[in-house]
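The values are calculated or read from the model by the stated rules, or taken from the named source; none is laboratory data. Please read all numbers here as calculations on a predicted model, not as lab measurements. All Cβ positions, glycine included, derive from the backbone under ideal geometry; neighbour counts span all protein chains shown. We work out accessible area using only protein heavy atoms, side chains counted, and drop any ligands, DNA or RNA first. Shrake-Rupley method; radii C 1.70, N 1.55, O 1.52, S 1.80 Å.
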Amino acid sequence: MKMNQIKNISFAVLLVLGSGLLIYGTSTETKDKITHEGTARYFPVNVDFAGEQTPLQISDVRERLDRELLVNANLDASTLLIIKRANRAFPIIEPILKKYNVPDDFKYLAVIESGLVNAVSPAGARGVWQFMPETAREIGMEVNEMVDERYHLEKSTEAACKYLLASKAKFGSWTLAAASYNGGTTGVNRQIEMQKVSNYYDLLLTEETSRYVFRILALKEIMKAPSKFGFHFTEDEMYVNLPSKAVVVDSSISDLASFAKTQGINYKILKIHNPWLRDKKLMNPSGKKYQIEIPLSGY
């Protein structure tokens with residue numbers, strides 16, 4: 001999550017940190033389709049974010065969206081990985097956004113923040129939603145050496161909803177709420193007051209925040225119609241959520257590897273499905289209830 005002390009880190013770097021690789025190569029098919037066949041073949045006639053229309057009649061707005069469409073359509077391996085991960089992550093994210101009355105388009109904000117992996121930034125932001133530790137604690141997440149709920153997709157999505165609702169209440173615009181997730185509420189508000197405009201598309205912001213909403217829009221367009229941008233795959237190639245059971249614990253676990261064995265899995269599988277468990281043990285003197293997911297297949 002990018003507040004005032006936010007990291008200046010590109011989407012590509014996040015992919016490096018989150019997935020361990022970054023491939024800049026482009027397939028001939030995608031290059032031909034996106035670069036050589038002409039803008040009309042892929043550029044949308046209309047586009048909006050959370051129901052707020054993007055003013056494509058403004059020259060620089062159109063050019064900025066075009067840039068992000070071209071860049072992300074030609075990051076073949078990285079974008080395809082995101083599409084595959086979305087099949088697993090979006091069914092968890094979408095109902096939470098709906099529960100909090102946050103527009104569905106904000107799932108694409110998570111996409112550009114982390115590539116839908118538990119990324120780690122040099123500044124200390126972590127998880128799919130990239131919260132800084134101080135911000136996470138302020139919104140009610142547990143963050144310590146043993147438990148870090150920034151790695152808990154459901155809880156971090158709920159925290160993101162709370163932040164975005166507060167930003168929407170302040171700015172009156174979902175687009176500005178998205179921009180403030182990157183540039184910080186104070187930083188965006190300072191620019192609104194100084195420049196005397198109140199529309200994201202009229203503001204001159206830092207390079208990263210200026211590109212931020214356009215990255216969201218580009219991934220939205222690509223992921224809604226991937227074949228249009230040269231991405232072809234079958235359903236069985238997509239990543240899926242495995243069936244699991246929830247085990248509620250309200251006491252300390254001195255050895256998570258031994259606990260995993262009692263559940264019929266190993267330590268690696270336990271940590272993959274519960275990345276918020278950050279230590280080899282879970283000390284719980286207060287008797288807090290934790291829900292641990294145990295997969296029932298796929299191992």
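Accessible area per residue for segment 141-269 is 46 Å², calculated with a 1.4 Å probe on protein heavy atoms, without ligands, DNA or RNA. Structural descriptor for segment 132-262: relative contact order 11 percent, calculated from alpha carbon pairs under 8 angstrom and at least 6 residues apart. With K and R counted +1 and D and E -1, the other residues having a Cβ less than 12 Å from that of residue 246 yield a net charge of 0. Local charge for residue 218 was computed over the other residues whose Cβ lies under 13 Å away, with Lys and Arg +1 and Asp and Glu -1, and equals +3. Charge tally around residue 91: other residues with Cβ under 15 Å, Lys/Arg +1 each, Asp/Glu -1 each, net +1.
Given the pairs 245/271; 98/228; 168/196; 220/268; 155/288, which are separated by over 22 angstrom at their Cα positions? In this structure, 98/228; 220/268 lie more than 22 Å apart at Cα.
Computed 3J(HN,Hα) for segment 188-196, one whole-Hz value per residue from the Karplus formula 6.51 cos²θ - 1.76 cosθ + 1.60 where θ = phi - 60°, is 5, 4, 4, 6, 4, 5, 6, 8, 6, glycine and proline marked x.
Per-residue accessible area (protein heavy atoms, 1.4 Å probe) orders 215, 62 as 62, 215, starting from the largest.
A simple spin-label model places pseudo-atoms 7 Å from Cα toward Cβ; at residue 190 and residue 53 they are separated by 3.4 nm. Across the chain, Cα pairs under 8 Å and at least six residues apart give a relative contact order of 23 percent. Among the GluC sites (Glu not before Pro) within segment 229-293, not one is in coil by DSSP while having at most 13 neighbouring Cβ atoms inside 10 Å.
Apolar share of the accessible surface for the chain: 51 percent from carbon plus sulfur atoms, 1.4 Å probe.
The spacing between segment 185-214 and segment 257-272, judged by their C-alpha centroids, is 47 Å. Calculate the FRET efficiency for residue 293 and residue 261 from the Cβ-Cβ distance with a Förster distance of 22 Å, rounded to the nearest 0.05. For residue 293 and residue 261, the calculated efficiency is 0.85. With springs only between Cα atoms under 10 Å, which of 163, 267, 200 fluctuates most in a Gaussian network model of the chain? Evaluated over the chain, the most mobile residue of the options is 267. Helix 207-224 versus the longest principal axis of the chain: what is the Cα-based angle in degrees, 0 to 90, to the nearest 10? It is inclined by approximately 80 degrees. In the chain, the longest principal axis of the Cα atoms and the axis of helix 76-99 are about 70 degrees apart. Name the most mobile residue of 50, 246, 77, meaning the one with the largest mean-square fluctuation, in a Gaussian network model of the chain with Cα contacts below 10 Å. Residue with maximal mean-square fluctuation among 50, 246, 77: 246.
Per-residue packing, averaged as other Cβ atoms within 10 Å, sorts the ranges 86-99, 217-230 into the order 217-230, 86-99, beginning with the highest.
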